[in-house]
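Structure first, then comments.
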Amino acid sequence: MPTDYKLDSTTHDLDLSTQRLETFEQNTAAVAQRIKIALLTRYGEWFLDTGVGVPYNRFSSVKNTKLILDEFLQEYIRNIEDVLTLREYESVLDPSNRRISVKFVVTTTGGQVVDLELEV
């Protein structure tokens with residue numbers, strides 16, 4: 001299993017509150033952070049690999065935007081490292097501010113359950 005460093009949940013920078021780099025002791029927290037990073041990374045923004053991220057802009061002018069975006073995000077979540085199954089998924093699209101709120105539950109490859117809610 002790869003090492004994941006803890007990020008500050010507000011700033012998304014490395015968590016240096018203990019004056020040293022902390023890693024996760026539980027796979028559940030690491031998987032939750034991986035999912036959050038994956039969904040908050042916009043396509044093309046990471047300079048080391050501009051093919052990484054969710055192409056949110058691609059969905060803004062598509063008919064049935066919510067349906068297509070939901071299908072894309074569900075598959076995207078299923079393909080994140082250490083995600084075994086996507087058990088529950090729901091979303092609310094707010095076209096006025098171009099945001100989508102997603103709430104979902106996944107099972108990890110270690111059998112743990114991760115319950116997350118994000119606005120992207």
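The values are calculated or read from the model by the stated rules, or taken from the named source; none is laboratory data. Bear in mind that the values here come from a model prediction, so they are computed numbers and not experimental data. Heads up, the Cβs are rebuilt from the backbone with ideal geometry, glycines too, and the neighbour counts pull from every protein chain shown. For accessibility, only protein heavy atoms count, side chains too; no ligands or nucleic acids. Shrake-Rupley method; radii C 1.70, N 1.55, O 1.52, S 1.80 Å.
If the condition is being surrounded by fewer than 16 Cβ atoms within 10 Å (Cβ to Cβ) and either modelled with pLDDT under 90 or among the acidic types (Asp, Glu) (or both), then the range 18-41 contributes Thr18, Gln19, Arg20, Leu21, Glu22, Thr23, Glu25, Gln26, Ala29. In the range 5-17, the count of residues that are assigned to a loop (DSSP other than H, G, I, E, B), in contact with a helix residue (DSSP H, G or I) (Cβ under 9 Å, 6 or more places away or on another chain) and modelled with pLDDT of 85 or more is one or more. All conditions in (1) in a strand (DSSP E or B); (2) more than 13 Å from the chain's Cα centre (by Cα) hold for Val105, with the sole exception of (2). Looking at the structure I just gave you, is Arg99 in contact with a Gly (Cβ under 6 Å, 6 or more places away or on another chain) and among the charged types (D, E, K, R)? No, not satisfied.
Does any residue in the range 74-94 that is on the phi > 0 side of the Ramachandran plot come within less than 8 Å, Cβ to Cβ, of a residue that is charged (D, E, K, R) and open to solvent by less than 90 Å² (accessible area, probe 1.4 Å) six or more places away or on a different chain, and which pairs are these? Partner pairs satisfying both residue conditions: Asp82/Arg34.
If you go through the range 45-73 and pick out every residue that is charged (D, E, K, R) and in contact (Cβ under 8 Å) with a residue 24 or more places away in the chain, you end up with 1.
The residues on offer are Asp8, Asp13, and the sole one that is in contact with a strand residue (DSSP E or B) (Cβ under 8 Å, 6 or more places away or on another chain), open to solvent by 60 Å² or more (accessible area, probe 1.4 Å) and within 20 Å of Glu119 (Cα to Cα) is Asp13. Pairs needed: first member in the range 7-18, within 21 Å of Val31 (Cβ to Cβ); second member anywhere, among the basic types (Lys, Arg); C-beta distance under 6 Å; at least 6 residues apart or different chains. These pairs meet every condition: Asp15/Lys6.
Does the range 98-106 contain at least one residue that is over 22 Å from Thr3 (Cα atoms) and without any contact (Cβ under 8 Å) to a residue 12 or more places away in the chain? Checking the range 98-106: not a single residue is over 22 Å from Thr3 (Cα atoms) and without any contact (Cβ under 8 Å) to a residue 12 or more places away in the chain.
Tell me whether the range 51-71 contains one or more residues that are open to solvent by 50 Å² or more (accessible area, probe 1.4 Å), assigned to a strand (DSSP E or B) and among the polar types (S, T, N, Q). No, that holds for no residue.
Within the range 72-115, the set of residues being open to solvent by 70 Å² or more (accessible area, probe 1.4 Å) and acidic (Asp, Glu) comprises Glu75, Glu81, Glu88, Glu90, Asp115. Residue count for the range 18-36, restricted to those that are part of a helix (DSSP H, G or I), under 14 Å from Gly110 (Cα atoms) and of a type in the set (S, T, N, Q): 2.
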